[in-house]
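Engineer: Here you go, one structure.
The values are calculated or read from the model by the stated rules, or taken from the named source; none is laboratory data. Just so it is clear, the model here is predicted, and its values are computed rather than measured. Every residue, glycine as well, gets a Cβ built from its backbone with ideal geometry; the counts of neighbours run over all protein chains shown. The area values use the complete protein model at the heavy-atom level, side chains included, leaving out ligands, DNA and RNA. Shrake-Rupley method; radii C 1.70, N 1.55, O 1.52, S 1.80 Å.
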Amino acid sequence: MSTTLALINANVRTMNPQQPHAEAVAIRKNKIVKIGTNKEVSQLTDKRTKVINLEGKTIVPGLIDTHVHVADFGRCLLWLDLTSASSIKELQRLLNEKAKQTPAGKWIIGRGWNETRFKEKRSPNLTDLDHAVPENPVILYREAAMICAVNSRALSLAGVTQKTATPPGGAVDRDTQTGRPTGIFRDTATNLIWQAVPEPTADELVDAAALGCRKIAEAGITSIHWILISPGELEIVKRLHADGKLPIRVNVIVPYELLKETEGFRSSDTAMLRIGGVFITADGYLDSKTAALTQPYKDDPGNCGKMLLRKIELATSVEQALNLGFQPVVHAMGDKAVDTALKVIEQTASDRDVRIRIEQAAVLNQELIERLKVGRIVVSVQPTVISTEFAVWSAVTRLGVKRAKLLHPLRTLINAGIKIAGGSDCPMEPLNPLLGMYETVNRASFPEQRLTAEQALRMYTIDAAYCSGEEKEKGSVDEGKLADLTVLSQDPTCVEAAGIRDIKVEMTIVNGIITSSGNQVICS
Ligand SMILES: [Zn+2]
């Protein structure tokens, strides 16, 4: 049988140290059958083979995102994007356009406005929004803050009047003379309006998630770990698969609290859709000082954060995940949470042939690093989250220099032989895996923890595949592996470190099928 697809004149970065580079790849159906020179691959083609000359572009193994919330991402994509609006006039134009495509009476939800970017240097008010959209209720969230702007139709549907009390922890901007709301709601007061926005229908949710999956394919990603958040999301994944709307492979990670929803789950094609893990939350986050530490926060001496599960509860959860055949994915941010998670793993899982994953493992010390190594634990991180956290609060102020030095010490972990998997945490952070790689290579805080581009690429390919125990099927460009490939405009290991985020995704191939090319998703 001839090859179905041949990619020639490429710079193939295989991620296989035995054969790191090649010129061409031959694919038969869903498998890679040959890696080699243009001549070697051309010998396997005939008139039925689709041959693509990549003209020097770079092929890397299909990129894997180990932490994405697809349902929420899809919903965000349906919202009107206002980040480009440079004036209230422009915002009105965008709104007006959206209203023309929206059925009468249906809510218009937008996000991303920022009055500091507006020519008028003020927030949009009721009159501005009424003028643009009189018929549909409108709610527009500001960028990077819990503030929304609404129109009169939204106010009346939400039943908010001059007499409505302001909820604790919130603020309603009012006209100084009349006391009437001006249309700007802050913090908890935003719920006064949001509670009136109807929940999307099941069909709308499926369409939104399908859109999310298409965008993921366009970003060069061939496999994702879909971290479920809400009840009912598993149904959405199943429907997408049944309707042929999954252009990417999905490994579902189910929160422990929703484990019941997996009962009776059967996948007809586990290579494309499977439940892989159970998300178990051991503690909170450093930004809210809820991550569990052994010593108090430096900027809050009475506070050590707190464990959300007692050790016995954590052990029960891990054991249950293992007994169901799922990978335990333990969110442990602070050193106390990591220590407790490791104790549980050492007691319950050390004799089992299963890959255990700790999400974050942020605050570490040499002893914990050694135990992560001995336990062959995979550490899963989201590099843009790390950068955001370092940018928002100073790690040194919060933790002191000694602990901050070993906060997300990616280089130290890799030097110790620990595998790190990369993800985005989209939609909380941008989806782009090249941005994630860029962040690890260009890290600003404690630059001694910067990775090489090669190490960064491993996080999104072979080590991400290892994270879910799939390194024999994917994660490198190797003969016999699944034909999941990403074509990039440039080689991330050859460009200047600062240029990694500007690399473009040219093509995404999943299962030997071109699912996205030139930002056009091709759905079967
Ligand atoms: Zn997340």
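Engineer: What ³J(HN,Hα) values, in whole Hz, does the Karplus curve 6.51 cos²θ - 1.76 cosθ + 1.60 give for the range 164-172 when θ = phi - 60°, with x put for Gly and Pro?
Structural biologist: 3J(HN,Hα) across the range 164-172, in whole Hz: 4, 6, 7, x, x, x, x, 8, 10.
Engineer: Is the range 363-435 rounded, prolate or oblate when judged by the Cα gyration tensor, a ≥ b ≥ c being the square roots of its eigenvalues, rounded requiring a/c under 1.5 and prolate requiring a/b larger than b/c?
Structural biologist: oblate
Engineer: How much accessible area does Lys311 have with a 1.4 Å probe, in Å² rounded to the nearest 10?
Structural biologist: Around 80 Å² of this residue is reachable by solvent.
Engineer: Helix 335-348: angle to the longest alpha-carbon principal axis of the chain, degrees 0 to 90, nearest 10?
Structural biologist: Result, in degrees: 50.
Engineer: Also, quick follow-up: With a/c under 1.5 counting as rounded, go ahead and sort the chain into rounded, prolate or oblate using the C-alpha gyration tensor (a ≥ b ≥ c being the square roots of the eigenvalues; past the cut-off, prolate if a/b is larger than b/c, else oblate).
Structural biologist: oblate
Engineer: In addition: Ser86 to Ala391: extension gain in nm, 0.36 nm per residue of separation minus the Cα-Cα distance?
Structural biologist: Numbers: separation 305, 0.36 × 305 = 109.80 nm, distance 2.52 nm.
Stretched out fully, the Ser86 to Ala391 stretch lengthens by 107.3 nm.
Engineer: On to the next question. Quick one: if the Förster radius is 45 Å, what FRET efficiency do Ser267 and Gln43 give, using the C-beta to C-beta distance and rounding to 0.05?
Structural biologist: 0.75
Engineer: Given the Cα-Cα distance of Gln177 and Glu479 and 0.36 nm per residue of separation, how much length would full extension add, in nm? Intermediate results must be reported in sequence, preceding the final value.
Structural biologist: Details: separation 302, 0.36 × 302 = 108.72 nm, distance 7.46 nm.
Computed gain between Gln177 and Glu479 is 101.3 nm.
Engineer: OK, next. List the trypsin sites (Lys or Arg not before Pro) within the range 271-307 that fall in a DSSP loop (any state other than H, G, I, E or B) and whose Cβ has at most 15 other Cβ atoms within 10 Å.
Structural biologist: In loop regions of the range 271-307 (DSSP not H, G, I, E or B), the sparsely surrounded trypsin sites (Lys or Arg not before Pro) are Lys306.
Engineer: Add -39500 (n - 2.57) for each DSSP H run of 4 or more in the chain, then divide by its residues: what number comes out at 222 nm, to the nearest 500 deg cm²/dmol?
Structural biologist: -8500 deg cm²/dmol
Engineer: Continuing with the same structure: Apply the Karplus parameterisation 6.51 cos²θ - 1.76 cosθ + 1.60, with θ equal to phi minus 60°, to every residue of the range 420-437 and state each ³J(HN,Hα) to the nearest whole Hz, in sequence, with x for glycine and proline.
Structural biologist: Each residue's phi maps through the Karplus curve to give 10, 9, x, x, 10, 6, 4, x, 5, 10, x, 6, 3, x, 6, 5, x, 4 Hz.
Engineer: Heads up, I need the accessible area for Asp130: 1.4 angstrom probe, whole protein in place, Å², nearest 10.
Structural biologist: 50
Engineer: Counting other C-beta atoms within 10 Å, and keeping those with at most 16, which DSSP coil trypsin sites (Lys or Arg not before Pro) do you find in the range 115-163?
Structural biologist: Sites meeting the loop and neighbour criteria: Lys119, Lys121, Arg122, Lys163.
Engineer: Still on this structure, please answer the following. Say a paramagnetic label sat at a point 7 Å from the Cα of Glu496, along Cα to Cβ; which residues of the range 415-453 have their backbone N under 17 Å from it?
Structural biologist: 438-439, 441-443, 453
Engineer: Modelled label-to-label distance, Arg93 and Val374, 7 Å Cα→beta-carbon offset: nm?
Structural biologist: Once both label points are built, they end up 6.5 nm from each other.
Engineer: Something else now. Just to make sure I understand: if all protein chains stay in place, what is the order of Lys245, Lys100 by accessible area at 1.4 Å, largest first?
Structural biologist: Sorted by accessible area, descending: Lys100, Lys245.
Engineer: Out of Thr290, Asn432, Phe73, whose Cα points farthest toward the positive end of the dipole of the chain (charges: +1 Lys, Arg; -1 Asp, Glu; placed on Cβ)?
Structural biologist: Asn432
Engineer: Quick one: which residues, 5+ away or cross-chain, put their amide H under 5 Å from the amide H of Met146? H built at 1.01 Å from N.
Structural biologist: Hits under the 5 Å cutoff: Asp187.
Engineer: Still on this model: Output the antiparallel fraction of DSSP beta bridges having both residues in the chain, as a percent to the nearest 5.
Structural biologist: Expressed as a percentage, antiparallel bridges in the chain total about 45.
Engineer: Here's a follow-up. Counting only other residues whose beta carbon sits under 12 Å from that of His69, what net charge do I get with K and R as +1, D and E as -1?
Structural biologist: -4
Engineer: Quick one: pull the percent of accessible area on the chain belonging to carbon and sulfur, 1.4 Å probe, ligands and nucleic acids left out.
Structural biologist: 51
Engineer: Taking the 0 to 90 degree range and rounding to the nearest ten, how far is the long axis of helix 233-242 tilted relative to the main principal axis of the chain, both from C-alpha atoms?
Structural biologist: 50
Engineer: Could you state the accessible area per residue of the chain in Å², with a 1.4 Å probe and every protein chain left in place?
Structural biologist: That works out to 43 Å² for each residue.
Engineer: If you don't mind, there's one more thing I want to ask. At 0.36 nm per residue, and after removing the present C-alpha to C-alpha distance, how many nm does the segment from Ala144 to Ile229 gain when stretched out fully?
Structural biologist: 28.5 nm
Engineer: Calculate one ³J(HN,Hα) per residue across the range 3-19 by plugging θ = phi - 60° into the Karplus curve 6.51 cos²θ - 1.76 cosθ + 1.60, and present them in order as whole Hz with x for glycine and proline.
Structural biologist: 6, 8, 9, 10, 10, 10, 6, 10, 9, 8, 9, 6, 6, 10, x, 5, 8
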